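Chemist: Take this structure, written in structure tokens, and hold onto it; I'll ask about it next.
Bear in mind that the values in this text are calculations on the coordinates, not laboratory data. Nothing here was measured: the structure is a model prediction, and the numbers come from that model. Cβ coordinates were reconstructed from backbone atoms using ideal geometry, including for glycine residues, and neighbour counts include every protein chain displayed.
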Amino acid sequence: MKISLIDENSNRTLQNAIICNIRDLINAKNLECGDKLPSERIMSEKFNVKRNHIREAIRKLEFYGVLKSISQSGTLLSVGLHAFNGIIDELIALEAPSFNQLVETRISLELEMVRLASLRRTASDLQQIKSALHAFKDKITLGTDYLEEDLLFHLAIAKASKNNTMVSLMLLLIPPILKTYERATVCEGDLVHIEIKKHEAILLAIEAQDPELATKMMKQHFFKLSNYIKTIN
């Protein structure tokens, strides 16, 4: 299942309804941590929905750590009932993040990632970052859409941080940012050579293994974007 931060409203509504049904079933059976849930087929028939919808809901709950599917064993409750209900309540109430919230999260995350990358990067990591930067420079110099190449440059930095949780968060953040990014507005007035220099400065700081400089260069890179989201808050 593809986990998304900005599911379409219709899909979110259906998924939340199924999750509520699963919650009510678990409570009715008074299940505890380690107890087995009914099969997908049984829940599909009980809730009158397709099995693939049940499967998607279960995988989403697995993503949030409240259920666990084991091959040949079925799906188990992986937390206590009290914790399960609390997490489900928060999950159902959770709204899709706005562009501003996505960007705020990304900036905070990237400042820590670039710091870690400057400390932990390997020669192989540097090569990947350089390759991503080269692709970015080719696109922006030609005047074609470079947003994907830019984000791949930042993803290469994320990988160099050696923190898989941060990489996973970046992979969650990239698609909705790509979908909602208003480049014509956010990047208005950007000069090609300045944008290239900003990226090169980040690379050089990582290469020099200077975490303070790397963080400073990343802040400068995000300066305009940070100011932009302040104006639309």
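Chemist: Would you mind checking K139/K179; K68/K130; K68/K162; K60/K216 for any pair whose Cα atoms are more than 30 angstrom apart? Let's see the in-between values first.
Modeler: Details: K139/K179 19 Å; K68/K130 39 Å; K68/K162 26 Å; K60/K216 37 Å.
Distance filter (> 30 Å) returns K68/K130; K60/K216.
Chemist: Of L91, S69, C20, which is farthest along the charge dipole of region 9-93 in the positive direction, counting Lys and Arg as +1 and Asp and Glu as -1 at C-beta?
Modeler: S69
Chemist: Obtain the nm distance between the two label points defined at K139 and F63 by a simple spin-label model: each point lies 7 Å from its Cα along the Cα-to-C-beta direction.
Modeler: With each label point 7 Å from Cα toward Cβ, the separation is 2.4 nm.
Chemist: Something else about it: Would you work out the charge dipole size for region 99-231 about its Cα centre, treating the Cβ of every Lys and Arg as +1 and the Cβ of every Asp and Glu as -1, and quote it to the nearest 20 debye? Spell out each step's value before the answer.
Modeler: On the way: 17 positive and 17 negative charges, 56 e Å.
Roughly 260 debye for region 99-231.
Chemist: Per DSSP helix of 4 or more residues, -39500 (n - 2.57); summed, then divided by the residues of the chain. What does that give at 222 nm, rounded to the nearest 500? Provide the component values of the computation, followed by the final result.
Modeler: Details: 12 runs with 167 residues, N = 233.
Value at 222 nm, helices only: -23000 deg cm²/dmol.
Chemist: Here's a follow-up. Which of K216, K29, K137 moves the most in a Gaussian network model of the chain with Cα springs under 10 Å?
Modeler: Sorting by GNM fluctuation, first place goes to K29.
Chemist: Moving to a separate point now. Need one number: nm distance between label points at S71 and S98, each 7 Å from Cα along Cα→Cβ, rounded to one decimal.
Modeler: 4.5 nm
Chemist: Relative contact order for region 1-115 using alpha-carbon pairs under 8 Å, separation at least 6, rounded to a whole percent? Mind dumping the intermediate values first?
Modeler: Values: 89 pairs, mean separation 35.0, N = 115.
Over region 1-115, the number comes to 30 percent.
Chemist: Is any helix in the chain, taking whole DSSP H runs, at least 27 angstrom long along its axis by alpha carbon and on average at least 0.0 on the Kyte-Doolittle scale, and which ones? Write out the running numbers ahead of the final one.
Modeler: On the way: long enough: 9-28 (28 Å, -0.16); 99-120 (30 Å, 0.23); 123-142 (29 Å, -0.13).
Both cut-offs are met by 99-120.
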